[in-house]
1. Pull out all pairs, ordered by first then second residue, where Cβ-Cβ is under 7 Å, the residues are six or more apart or on different chains, the first lies in the stretch 19-47 and is closer than 21 Å to ILE71 by Cβ, and the second is open to solvent by less than 90 Å² (accessible area, probe 1.4 Å) and not in a helix (DSSP H, G or I).
2. Contact list please: Cβ distance under 8 Å, first residue in the stretch 60-77 and more than 14 Å from ILE48 (Cβ to Cβ) and touching a residue at least 24 places away in the same chain (Cβ under 8 Å), second residue open to solvent by less than 60 Å² (accessible area, probe 1.4 Å) and assigned to a loop (DSSP other than H, G, I, E, B), pairs at least six apart or on different chains.
3. When you scan the stretch 1-48, how many residues do you find that are within 19 Å of ILE77 (Cβ to Cβ) and out of contact with any Phe, Trp or Tyr (no Cβ under 7 Å at 6 or more places or on another chain)?
4. What helices (runs of 4 or more DSSP H) lie completely within the chain and have 1 or more residues being touching a Ser or Thr at 6+ places or on another chain (Cβ under 8 Å)?
5. Give me a count of the residues in the stretch 6-41 that are open to solvent by less than 80 Å² (accessible area, probe 1.4 Å), within 30 Å of GLU61 (Cβ to Cβ) and of a type outside the set (Val, Ile, Thr).
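The values are calculated or read from the model by the stated rules, or taken from the named source; none is laboratory data. Keep in mind the model is a prediction, meaning the values are calculated, not measured. Here the Cβ is made from the backbone with ideal geometry for all residues, glycine too, and neighbour counts use every protein chain on show. For accessibility, only protein heavy atoms count, side chains too; no ligands or nucleic acids. Shrake-Rupley method; radii C 1.70, N 1.55, O 1.52, S 1.80 Å.
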Amino acid sequence: MGVKNKFVRYHAKQGLGLFIAEIILWIISVVPVIGWLIGFLTFILAIIFSVTGLVKALSGEIWRVPFIGKISEKIKI
């Protein structure tokens, strides 16, 4: 089946990569003190990346999520 529109596929991969990163960071945030600090800061960053990606996708732009964008492009959808 798969997604045929390259634009939609690209943003789906970016969103999935961001989601996987958020799960990993959520697991790390369970660690007392350092994990809490890392968790809080990355949560704020994830919200910023999510909103920016949403705005870019709705405006028809292709935008690579910093840090995880290249890795996300390797996901097979």
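1. ALA21/ILE68; ILE38/SER29; GLY39/SER29
2. Cβ pairs passing all conditions: SER72/VAL65; ILE77/GLY2; ILE77/VAL3.
3. Residues flagged as within 19 Å of ILE77 (Cβ to Cβ) and out of contact with any Phe, Trp or Tyr (no Cβ under 7 Å at 6 or more places or on another chain) within the stretch 1-48 amount to 22.
4. Helices (runs of 4 or more DSSP H) meeting the threshold: 6-28, 34-58.
5. Qualifying residue count, the stretch 6-41: 15.
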